[in-house]
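Participant: Attaching a single structure in structure tokens format; questions to follow.
The values are calculated or read from the model by the stated rules, or taken from the named source; none is laboratory data. Remember, it's a predicted structure, so these values are computed and weren't measured experimentally. When we count neighbours, we look across all protein chains shown, and the Cβ atoms used for this are built from the backbone with ideal geometry, even at glycine. SASA here: full protein model, heavy atoms, side chains in, ligands and nucleic acids out. Shrake-Rupley method; radii C 1.70, N 1.55, O 1.52, S 1.80 Å.
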Amino acid sequence: MLSSSSPHGHRPPPAAPRPYAHAGPAAKALAAPLPSLLSPGVARDPYRHYRLLREDFPLVRDEPLGAWLLSRYADVRAALADARLGAEPSAPGPDCRGLLEPALRAAAERTAYVLARRMAGRREADLVADFTAWLPAAAAVAALGLPWEDAVRAQEWCRTGSAHPGAPHPELAALLHPHVVRRRSHPGTDLLSALCGGRADGQALSDDAVTGLACTLLTGGGEATALALASFLANLLDHPAQLDLVRARPWLIPGAWAESLRRDPPAPVVLRRATAPIALGGTTLPAGAVVACLVGSAGRDPYRFADPDRYDIFRADPAHLAFGAGPHYCPATALAGLAAECGLRALLDAMPGLRWAPGFRSAPRGLMTRAPRRLLVRPC
Ligand code: HEM
């Protein structure tokens, strides 16, 4: 039973799951039936709903969503790591982190500075439209040594989330193929050439492996990184004292980034499917049942994080689940962190007095993916 390992020690054991129609004690206390995650209004402020779920419905069927909801930190963590709950299959690529990270760092630094300087002279700018939506895809395009125009297309594919973490996008694979062929005969100094000359497990990387890696870089996680970056900047701009600290002491950036991922994960709902009947929280879910692991709720669980709604870069109780847990844990946490670090440094360097545009308040939106879609700032 997933919840048997719950650290919610001083709580009574989680009650058996209650379908929405069930008139259990908590259901009776509600003025109306428990809303679905898809109900109007929930996406505007899912955290109120998450609180209710954590307290009274730790495992519950959400019929309109077609999934069982898990909302407590310990249960979400255990479910993500449970081999009986399968994830979408992802094509495992060769491990080339030694090649990817230095090339991406250099490209992310350059790209972030170009994007930040373009905004610096203006009276007002939107950090989403002008910066966060571009940085992950444009940095990958620059690292691979592809033409800049391809950043536009890569950014579009990132936005449609075509490949996180699924198979390579066919159009993108077709676009990349001639570049791979050319690098084989005329290698340059870019990452695509390095991958063409790369080896994994003693074997030269095939064209398919190189294309797959390039596709993963261009689209896999680009959207998640862009959204996470938007929430990160919003959290810091909402807390100017903490922003000042990060500006003065850049070694605080990784903690500030992790704290933003805990509080405002870009993918707050991670889906799993039971590969066989599975006993959870006192009931048995049939094979094929979909379980929605509410990572966004887990990050606000007061039994795991003190004062969980507060953004605090000095938090002493980290270990968020925004990158998952267990066998499918995101392999690109360092790459995402690079975008955050290079992005923030470039912005603060180009615009030391960066602050919200007068009267602007950021508003995160979305349920399955969540972040502010506009960040209006005065770039001084
Ligand atoms: C802030 C940015 C990111 C976040 C929040 C994030 C989040 C996640 C999460 C939650 C999972 C686990 C999914 C599951 O358990 O079903 C995952 C897996 C994965 N992510 Fe990311 N990701 C990010 C950036 C990236 C980037 C930049 C890449 C690639 C360049 C990437 C590639 C992958 C891949 C390939 C998997 C599948 C791993 C597997 O199934 O074994 N991610 N990510």
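Participant: Could you state how much accessible area Leu38 has, in square angstrom rounded to the nearest 10, with a 1.4 Å probe and all protein chains kept in place?
Facilitator: Number for this one is 100 Å².
Participant: Give the long-range amide H neighbours of Trp356: residues separated by 5 or more places, or on another chain, with amide H under 5 Å away, using H modelled in the peptide plane at 1.01 Å from N.
Facilitator: Correct list: Arg378.
Participant: Across the stretch 69-79, in residue order, what do the Karplus-derived ³J(HN,Hα) couplings come to in whole Hz, using 6.51 cos²θ - 1.76 cosθ + 1.60 with θ = phi - 60° and x for Gly and Pro?
Facilitator: 9, 10, 10, 7, 3, 5, 5, 5, 4, 5, 5
Participant: If I take R0 = 30 Å and measure r between the Cβ atoms of Leu252 and Leu38 in this structure, what FRET efficiency does the formula 1/(1 + (r/R0)^6) give, to the nearest 0.05?
Facilitator: 0.20
Participant: Taking just the alpha-carbon atoms of the chain, what radius of gyration and Dmax come out, in angstrom?
Facilitator: Gyration radius and largest Cα-Cα distance of the chain: 21.9, 71 Å.
Participant: Give me the net charge for the shell around Leu85: Cβ to Cβ below 10 angstrom, other residues only, Lys and Arg +1, Asp and Glu -1.
Facilitator: Neighbourhood net charge equals +2.
Participant: Keeping all protein chains in place, calculate the accessible area per residue for the chain (probe 1.4 angstrom), answer in Å².
Facilitator: Counting only protein heavy atoms, the per-residue value for the chain is 45 Å².
Participant: Where Rh denotes the Kirkwood radius from the mean inverse Cα pair distance, what is Rg over Rh for the stretch 263-364?
Facilitator: Answer for the stretch 263-364: 1.08.
Participant: Another one. Could I have the simple spin-label model distance between His186 and Cys380, label points 7 Å from Cα toward Cβ, reported in nm to one decimal?
Facilitator: It is 4.9 nm.
Participant: Here is a follow-up. Hey, if we sort Asp56, Asp62, Asp317 by accessible area with the 1.4 Å probe, largest down, what's the order?
Facilitator: Putting Asp56, Asp62, Asp317 in descending order of accessible area: Asp56, Asp317, Asp62.
Participant: Pairs of Cα atoms under 8 Å, at least six residues apart: use those to get the relative contact order of the chain, whole percent.
Facilitator: In percent, rounded to a whole number, it is 25.
Participant: Now a separate question. Calculate what fraction, in whole %, of the accessible area of the chain sits on carbon and sulfur atoms when a 1.4 Å probe is rolled over the protein chains.
Facilitator: The value for the chain is 57 percent carbon and sulfur by accessible area.
Participant: Relative to the first principal axis of the alpha-carbon coordinates of the chain, what is the inclination of helix 170-185, with its axis defined by its Cα atoms, in degrees from 0 to 90 and to the nearest 10?
Facilitator: The angle comes out near 40 degrees.
Participant: For Glu124 paired with Arg273, estimate the spin-label separation in nm (one decimal), with each label point 7 Å from Cα along the Cα-to-Cβ line.
Facilitator: Computed distance between label sites Glu124 and Arg273 equals 4.6 nm.
Participant: Using each residue's phi in the stretch 243-255, evaluate 6.51 cos²θ - 1.76 cosθ + 1.60 at θ = phi - 60° and report the 3J(HN,Hα) Karplus result to the nearest Hz, with x for Gly and Pro.
Facilitator: 4, 4, 5, 5, 5, 6, 10, x, 5, 7, 4, x, x
Participant: Let me ask something else. Counting only C-alpha contacts under 8 Å and six or more residues apart, can you give the relative contact order of the stretch 294-380 as a whole percent?
Facilitator: The value is 18 percent.
Participant: Now for a separate question. What stretch of the chain, leaving out the sites themselves, is the longest with no chymotrypsin sites (Phe, Trp or Tyr not before Pro) in a DSSP loop having at most 10 other Cβ atoms within 10 Å?
Facilitator: Of all site-free stretches, the longest is 149-313.
Participant: Return the long-range amide H neighbours of Asp62 (sequence gap of 5 or more, or a different chain), with a cut-off of under 5 Å between placed amide H atoms.
Facilitator: Ala67, Trp68, Leu69
Participant: What order do Ser185, Ser297 take when sorted by accessible area (1.4 Å probe), most exposed first?
Facilitator: Order by accessible area, largest first: Ser185, Ser297.
Participant: Here is a follow-up. Out of all DSSP beta bridges in the chain, what portion is antiparallel? Express it as a percent rounded to 5.
Facilitator: Looking only at bridges with both residues in the chain, the antiparallel portion is about 90 percent.
Participant: How much accessible area does Arg117 have with a 1.4 Å probe, in Å² rounded to the nearest 10?
Facilitator: Ignoring ligands and nucleic acids, Arg117 comes out at about 150 Å².
Participant: How large is ³J(HN,Hα), in whole Hz, for each residue of the stretch 344-359 in order, when computed from phi with the Karplus curve 6.51 cos²θ - 1.76 cosθ + 1.60 and θ = phi - 60°, using x for Gly and Pro?
Facilitator: Per residue, the Karplus-derived 3J(HN,Hα) values read 5, 4, 4, 4, 6, 6, 6, 9, x, x, 3, 7, 4, 5, x, x Hz.
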